[in-house]
Amino acid sequence: MGIGKNVHKYTGRQERIGLFTCVPVYFSTNSRFLLWVLPLIFLIIAFFYPLSRILALSFDPSTLTSSNLLLAFRVLLFTFYQATLSTLLTLLLGLPSAYLFARYDFRGRSILRALTAVPFMLPTVVVASSFNAIFGTRGLFSFLFPLSQASSILHPSPFTLILLAHVFYNTTIIIRIVGNALSSLDPKLEQAARSLGADPFRVWWNVTFPLLRPSLFAASLLVFLFDFTSFGVILLLGGSQFATLEVEIYLRVLKLPNLPLAALLSVIQLICTIIFSIIYTRFASRSTIQLAPRSTFIKAKTTKQKLFVTIFCLLLSAFFILPLSSLPFRSLFRLEADRGQRGEVQYGVTTDYYKELFVNRRGSIFYVPPIRATANSLGYAGATVIISLLLGFPAAFALAKPTRLERILDPLIMLPLGSSAVMLGLGFIISFGKWLTSPFLVPFAHTLVALPFVIRTLQPAIASIPQCLRQAASSLGASPWEVWKNIDLPILRRATLAAATFAFTISLGEFGATLLISRPEYPTIPIAIERFLSQPGGLNYGQAMAMATILMVLTLISILLIEKFRLPNSGEF
Amino acid sequence: MLEVQHIFKTYEGKPLLNDISFKVDLGETVCLLGASGSGKSTLLRIIAGLEDADSGSILFNRADLTPTPPHLRDFGLVFQDYALFPHLDVNENVAFGLKMRRLPQDEISRRVADALEMVNLAGFGHRRVTGLSGGEQQRVALARALATRPRLLMFDEPLGALDRTLREDLLNELRSILHQTNIPAIYVTHDQEEAFTIADRILILHDCRIIREGTPADVWENPGSSFVSGFLGLGNIIGGIYLDASQVETKFGRFSVHCEHEHSKGDNVALLARPRDSRTERSEPNGERSRSVVNVISGVVTDVIFQPERFRITLDNGLYFYLPNAPKVGEKIEVRVKVECLA
């Protein structure tokens with residue numbers, strides 16, 4: 001979930017390509033297809049071949065038994081149920097917040113708005129761990145408010161936790177999409193309605209709401225899509241009894257092996273995702289017929305307005321700060337006895353959990369010190385950056401000014417995003433089973449997920465370079481290589497850094513596919529967190545918190561870097 | 001009818017409206033003329049109840065409107081960018097105010113048809129408003145405001161987004177509609193031609209205040225200040241020093257002028273030399289005499305522009321005049337002008 005969602009931030013970029021779009025002089029028309037060779041070969045081997053294997057497996061008559069279909073239906077129903085509930089809850093928090101940010105000016109407004117967007121970029125394991133750190137059975141609240149004396153609100157059920165984490169993740173979508181629509185609504189429309197005799201409620205009902213409806217539906221659908229394909233949050237917070245499609249696929253691959261059933265489930269998942277995406281695209285295009293930009297925010301004046309602003313500021317701050325801060329807190333405080341620890345237990349501040357990461361304990365769940373997971377993650381991330389840039393650059397050059405054929409190829413490149421990470425992992429297992437013992441499959445799986453983001457980041461930057469610059473350089477005697485080195489590269493430096501950081505961040509946090517294909521002796525940070533969380537004892541739990549904190553800090557740094565490198569006026573979504 | 005009393009308003013700490021008071025009577029069209037940013041639109045929104053004044057009050061038929069929310073004031077408002085509801089068609093836009101008043105359906109259809117008829121848009125009812133031209137959209141906005149038969153109509157730069165010919169046509173239609181319906185109206189614009197065409201009375205807004213108020217003819221003939229003369233483009237404004245016996249010494253020569261205000265010797269005064277009230281003086285062979293002659297300006301012609309029935313002549317000293325015959329560029333001429341004293 002945490003990975004696939006970011007693309008929507010960039011899909012809007014395509015339209016912004018200026019008048020000067022063109023392929024650089026150093027690619028002749030005839031050699032354009034050379035640009036496509038590498039990315040297409042990669043996609044065919046890493047995505048379409050596994051996809052075809054999955055399809056073949058799932059449409060095998062022996063797979064389509066009534067018991068399999070019944071189970072698939074039950075799982076689908078539950079997936080719909082939790083996604084619908086999550087979406088409704090997200091709207092409940094998101095709509096008033098969107099209104100708050102679109103209409104009111106208050107101190108700390110932009111910081112609070114940025115804060116609500118942070119979870120969106122965080123890896124699922126970090127979000128799951130932080131909710132665990134507060135509400136879980138070993139979390140903060142269990143120690144602060146022991147079960148006997150506190151209400152059940154402070155000890156939510158796993159299912160409630162899942163819903164809360166989904167709200168935490170996706171509220172920013174509602175705030176951005178609906179809030180932007182709301183703030184670009186011409187205030188004169190409402191003034192006109194007022195002067196024509198409409199009271200405030202009827203202004204809202206007859207004018208504001210109908211105009212917001214397309215963006216409201218688009219935003220809700222997007223949230224629904226992310227909740228529908230959510231994996232890490234559900235697995236880590238709920239466990240395997242909450243069998244959504246994703247979780248069930250995972251179970252049928254690793255725990256109760258039945259690959260044909262897993263294949264069937266992932267095909268159902270893919271079909272649903274594609275249908276939702278198509279409907280979303282419809283609504284999203286309709287919601288863009290907007291209106292004059294509003295630049296004025298009002299200060300809360302009446303008591304009612306002040307109350308609204310204050311309550312929502314507090315609510316949002318608490319809801320978004322609490323989970324993010326509880327993670328580092330819990331990683332530095334000992335609240336329970338370590339496993340096997342006897343006698344006097346030292347409670348309070350400790351750095352043991354971090355120190356322990358460097359120790360290779362006998363009987364440890366790893367064969368190596370846990371900190372090696374960080375090294376593995378960084379290694380995989382570095383490899384992902386290199387592979388995805390190598391493949392992304394030629395594709396982005398070709399797509400900067402696409403021919404008709406390339407317009408068809410464009411959605412093909414984006415397709416891996418539509419399929420879930422668990423499905424990608426399943427495809428790798430079915431297709432490349434014999435290579436699973438090597439650690440080299442992981443960066444390729446990560447590249448599959450990161451490539452669309454890399455291309456979408458590079459493409460507008462390449463398109464923004466006027467062709468005349470390159471022509472001027474070559475007329476002044478620069479060879480194609482020198483043109484690239486002296487014109488493209490300096491201009492593309494920022495975009496390249498942003499794309500690289502994207503690939504890096506995605507690889508660091510990738511959970512679903514990695515969980516399926518990674519070797520036990522080469523764990524990544526998210527995998528290590530998952531294993532620590534599933535082990536008893538305060539020490540394991542503390543190490544999970546420590547690892548999650550490390551991952552969170554790495555991701556936050558990456559987010560800051562991406563924001564810094566992105567084209568200054570390339571918009572938000 | 002409408003009485004605006006001592007309205008004060010500041011915007012981000014700076015004064016925007018400073019003690020604005022005026023009245024609008026039944027059937028009267030009052031035009032607020034001022035540069036953009038002079039607070040005209042804010043004043044309209046205050047009257048409509050969409051914004052609060054810092055102090056002052058709005059009265060209608062002697063009743064204070066301060067506690068009345070905008071939707072109960074029954075004032076029609078027409079915006080520069082039309083503010084049509086994009087999700088409704090033409091009929092639904094015009095019917096909006098009537099629906100808000102919960103009129104019966106047949107009454108609504110009848111009034112919508114009447115209003116569309118009045119703005120020459122009969123038959124446009126089922127068109128989407130986003131597909132209409134600018135002029136058509138503004139007619140729909142006008143019909144929408146007229147359909148509710150408001151007690152007062154307010155126009156905020158209604159023709160600002162339209163091209164010139166369309167603007168003239170619509171302006172004339174608007175004039176006749178306002179006369180027909182007898183609804184009092186406030187018309188805000190920065191375009192003086194529009195103002196002089198539509199207004200029964202003009203208020204000129206400058207420096208947060210109303211600095212001149214009167215009928216179009218009165219304001220035109222007696223601008224009263226160099227700002228108004230300059231803003232309306234009435235002619236050349238010449239600064240000078242008051243001598244005695246209604247004589248003013250300027251860098252262009254000495255002028256004899258009748259001043260309504262008392263001036264004492266040495267006062268700075270501004271003179272208005274309208275380009276239309278001028279004629280060429282036969283140049284005397286004897287240059288000595290013309291120096292003592294008052295109200296004659298001499299200069300070398302730098303530009304001659306043909307305009308319908310006259311020529312616009314610009315001299316090397318920056319002044320311009322309308323003359324019936326065209327001199328040659330480079331020719332030295334003398335122009336006898338009439339000057340007025342601007343306070």
Return only the number of the condition from (1) at pLDDT below 85; (2) within 19 Å of A:Phe319 (Cα to Cα); (3) touching a Phe, Trp or Tyr at 6+ places or on another chain (Cβ under 9 Å) that A:Met121 does not satisfy. (3)
Would it be correct to say that B:Thr10 is without any contact (Cβ under 8 Å) to a residue 40 or more places away in the chain and away from chain A (no Cβ under 14 Å)? no
For segment B:245-262, give me the residue count where each residue is within 14 Å of B:Ile297 (Cα to Cα) and either buried (at least 16 other Cβ atoms within 10 Å of the Cβ) or basic (Lys, Arg) (or both). 7
Being surrounded by fewer than 22 Cβ atoms within 10 Å (Cβ to Cβ) and either within 14 Å of chain A (Cβ to nearest Cβ) or in a strand (DSSP E or B) (or both) is the filter; apply it to segment B:30-47 and report the residue that is nearest to the chain's Cα centre (by Cα). B:Ser41
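With respect to B:Leu146, determine if the residue is farther than 27 Å from B:Ser229 by Cβ and crowded, with 21+ Cβ neighbours inside 10 Å.
Spelling it out, B:Leu146 is indeed farther than 27 Å from B:Ser229 by Cβ and crowded, with 21+ Cβ neighbours inside 10 Å.
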Taking A:Ser266 and the conditions (1) of a type in the set (Ser, Thr, Tyr); (2) within 12 Å of A:Leu426 (Cβ to Cβ); (3) surrounded by fewer than 19 Cβ atoms within 10 Å (Cβ to Cβ), which numbered condition does it fall short on, given that it satisfies the others? (3)
If we scan segment B:76-91, do we find a residue that is within 13 Å of chain A (Cβ to nearest Cβ), assigned to a helix (DSSP H, G or I) and over 28 Å from the mean Cα position of the chain (by Cα)? no
Cβ-Cβ distance below 8 Å, separation of 6 or more or different chains: which pairs start in segment A:178-194 with a residue that is closer than 21 Å to B:Pro150 by Cα and end on one that is among the acidic types (Asp, Glu) and at pLDDT below 90? A:Lys188/B:Asp81
Residues satisfying the stated conditions in segment B:61-71, i.e. within 14 Å of another protein chain (Cβ to nearest Cβ) and either exposed (fewer than 13 other Cβ atoms within 10 Å of the Cβ) or under 24 Å from the mean Cα position of the chain (by Cα) (or both): B:Pro69
Checking the conditions here, which among A:Leu235, A:Leu196 is aliphatic (A, V, I, L, M), out of contact with any Cys (no Cβ under 6 Å at 6 or more places or on another chain), away from chain B (no Cβ under 14 Å) and buried (at least 21 other Cβ atoms within 10 Å of the Cβ)? A:Leu235
Some residue of segment A:484-497 being in a helix (DSSP H, G or I), among the hydroxyl-bearing types (Ser, Thr, Tyr) and without any contact (Cβ under 8 Å) to a residue 12 or more places away in the chain: no
Can you tell me which residue among B:Asp25, B:Asp89, B:Asp54, B:Asp19 is within 30 Å of B:Arg128 (Cα to Cα), among the acidic types (Asp, Glu) and at pLDDT 90 or above? B:Asp89
Among the residues of segment A:546-561, is any polar (S, T, N, Q) and in contact with a Pro (Cβ under 9 Å, 6 or more places away or on another chain)? yes
Exactly one condition in (1) in contact with a Leu (Cβ under 7 Å, 6 or more places away or on another chain); (2) not in a helix (DSSP H, G or I) is not met by A:Ala548; state its number. (2)
In segment A:240-275, the residues that are under 23 Å from A:Ser534 (Cβ atoms) and of a type in the set (Gly, Ala, Ser): A:Ser240, A:Ala243, A:Ala262
So A:Ala284, is it part of a helix (DSSP H, G or I) and modelled with pLDDT of 85 or more: no
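The values are calculated or read from the model by the stated rules, or taken from the named source; none is laboratory data. Bear in mind that the values here come from a model prediction, so they are computed numbers and not experimental data. Every residue, glycine among them, receives a Cβ derived from its backbone with ideal geometry; neighbour counts consider all protein chains shown.
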